[in-house]
Amino acid sequence: MLKNIDNKFEESRRSTLPMSNVPKPLIDKIHKLLELSNISKNNSESEAYAALLKAQELMAKYHLELSDVYNSKTEDIIKISCEHKYDYKFRYVLAGIIAKNFRVKAYVSGKQCMFYGYKSDAYAAKQSFEFAYRLIVRNGERLRNQAYSNGLPTKYVFNSYAVGFLEGMEKAFDAQCETLQIITPIEVSNNFETLSTEWSTQQGAISYSAEHSEAYNSGMQDSQTTFGKKSLQ
């Protein structure tokens, strides 16, 4: 079954600045950042992801498409699937948060999280999703194992961490979306609306407990460190 992920954010139009107004040093900087973001060429996953976020920020700020950066033809609209080990339910919320910041649409096909949008946006969303998913799983499981080793209740430890992380991530991304006026291209929105007319909506509620406030706060702190302003400089 195909399901649309409802992230409850409105879209609006924005104008595109002419390429003649964009200085070459800026284009060169975006080129370098995109090279750094290539995980197959960069041994540091965190550095690659920070470079991706910075490139995306600059492209959004100056209203650039990847076709503008590389002076190529307009990109195709594609759909792309994400890898997510164990299929944790928080992936629905994560996909929705990322979709609005990377100008794509998120949906579920079977158990698989998918993104729909222009090629460069879709690949950036996929890389962002998989990086954040792995980080949440790794740190959430570590905290749960620590609680078990200390003889403490483990139920909801993982979820509390995930919720804290996602809320911190959404806060950081919302601020950037508002500042840079990031929106989903109208062509992507219209095509997706037609494509998803008869799909059901997938909600991503996650059960967690205030009892594990330390895990929640740890998640919030980790997301602020990863997605906060300082990490994008």
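With Rh defined as the Kirkwood radius, the inverse of the mean 1/r over Cα pairs, the Rg/Rh of the range 90-159 is 1.13.
A simple rule links phi to the HN-Hα coupling: the Karplus curve 6.51 cos²θ - 1.76 cosθ + 1.60 with θ = phi - 60°, which for the range 76-85 gives 7, 8, 10, 10, 9, 9, 10, 8, 8, 4 Hz, with x for Gly and Pro. Pairs exceeding a 20 Å alpha-carbon distance, out of Lys89/Lys126; Lys41/Lys61; Lys54/Lys171; Lys105/Lys126; Lys79/Lys171: Lys41/Lys61; Lys79/Lys171.
Between amide H atoms placed 1.01 Å from N, distances below 5 Å from Phe90 occur with no residue 5 or more places distant or on a separate chain. The slack in the chain from Ser189 to Lys155, taken as 0.36 nm per residue of separation less the alpha-carbon distance, amounts to 8.3 nm. Counting only protein heavy atoms, what percent of the accessible surface of the range 39-188 is carbon or sulfur at a 1.4 Å probe? The nonpolar share, carbon plus sulfur, comes to 48 percent. Rounded to the nearest 0.05, the FRET efficiency derived from the C-beta distance between Ile78 and Gln221 at R0 = 45 Å is 0.80.
Remark on Cys113: its backbone amide H falls under 5 Å from those of Cys82, a criterion applied only to residues 5 or more positions apart or on other chains, H modelled at 1.01 Å from N.
The values are calculated or read from the model by the stated rules, or taken from the named source; none is laboratory data. This structure is a prediction, so every number in the text was calculated from the model and none was measured. Backbone-built Cβ (ideal geometry, glycine too); neighbour counts: all protein chains shown. Each accessible area value is taken on the protein alone, full model and side chains, heavy atoms only, with ligands, DNA and RNA left out. Shrake-Rupley method; radii C 1.70, N 1.55, O 1.52, S 1.80 Å.
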